[in-house]
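Reviewing the structure listed below.
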Amino acid sequence: MVDVTLTLSSGSAILRRARQEDLSAVLGLLADDSISASRGDTGRSEDLPAYERAFAAIDADPAQQLLVATSIQGEVIATMQLTVIPGLARVGSSRLQIEAVRVRSDQRRRGVGGAMIRWAVDNAPTFGAQLVQLTSDAARVDAHRFYERLGFTASHVGFKYAVPEIR
């Protein structure tokens, strides 16, 4: 992916693939989110090896893109992960899954989240995807309105199962 300039309501941002040196800023975005923090993403130093392994796996997988939006000065202000999922349904269509959209709290309401999502939707064909989908925690009512304003429809009910840790 080549760096892309996103036009925001005030100024602009650069969207690019995340690098290893962005990891702490991305973890900060997760920790700044109360729902993520309640799931354990609090930025504890003892968790860093697990995050580093996950980053390496994402970075090595051509079906995955962990992206960051940066200010013009280079500060990470937002992130999202894109995954291309090939499928047989819908006559063999691939889906572009958008996950872990986070915008730094002092950067919200500037249009960076919307610009990132619009970029992903606009570029779905270049990823080979015929459908763009995302999931959102049921508690994120404001986020649901945001996604609907961007043209997404709440068409499915999602389920999750937490796999017990093996010791």
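The values are calculated or read from the model by the stated rules, or taken from the named source; none is laboratory data. Bear in mind the structure is a predicted one, so any value in this text is a computation, not a measurement. Cβ: placed from backbone, ideal geometry, glycine included. Neighbour counts: every protein chain shown.
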Checklist entry - How do the helices (runs of 4 or more DSSP H) wholly within segment 41-148 filter down when requiring 2 or more residues that are charged (D, E, K, R) and without any contact (Cβ under 8 Å) to a residue 40 or more places away in the chain: which remain? => result 48-60, 112-123
Item to check | Lone unmet requirement of (1) part of a loop (DSSP other than H, G, I, E, B); (2) surrounded by 10 or more Cβ atoms within 10 Å (Cβ to Cβ) for residue 164 | outcome: (2)
Checklist entry - Looking at (1) at pLDDT below 95; (2) more than 19 Å from residue 29 (Cα to Cα), which is the only condition residue 108 fails? => result (2)
Checklist entry - Which residue, of 136, 105, is hydroxyl-bearing (Ser, Thr, Tyr) and over 24 Å from residue 5 (Cβ atoms)? => result 136
Checklist entry - In segment 141-148, is there at least one residue being within 29 Å of residue 86 (Cβ to Cβ) and surrounded by fewer than 14 Cβ atoms within 10 Å (Cβ to Cβ)? => result yes
Checklist entry - Under 6 Å by Cβ, and 6 or more places apart or on different chains, what pairs join a residue from segment 5-25 that is of a type in the set (Gly, Ala, Ser) with one that is part of a loop (DSSP other than H, G, I, E, B)? => result 9/110; 9/111; 10/110
Checklist entry - Would you pick out the residues in segment 1-40 that are more than 30 Å from residue 162 (Cβ to Cβ), part of a loop (DSSP other than H, G, I, E, B) and at pLDDT 90 or above? => result 3, 8, 11, 19
Checklist entry - In this structure, is residue 81 loosely packed, with under 12 Cβ neighbours inside 10 Å, of a type outside the set (D, E, K, R), within 26 Å of residue 127 (Cβ to Cβ) and at pLDDT 95 or above? => result no
Next on the checklist: Among the listed residues 104, 110, identify the single one that is over 16 Å from the mean Cα position of the chain (by Cα) and crowded, with 17+ Cβ neighbours inside 10 Å.
Outcome noted: 110
Item to check | Single residue of 25, 37, 31, 50 found to be among the aliphatic types (A, V, I, L, M) and in contact with a strand residue (DSSP E or B) (Cβ under 9 Å, 6 or more places away or on another chain) | outcome: 25
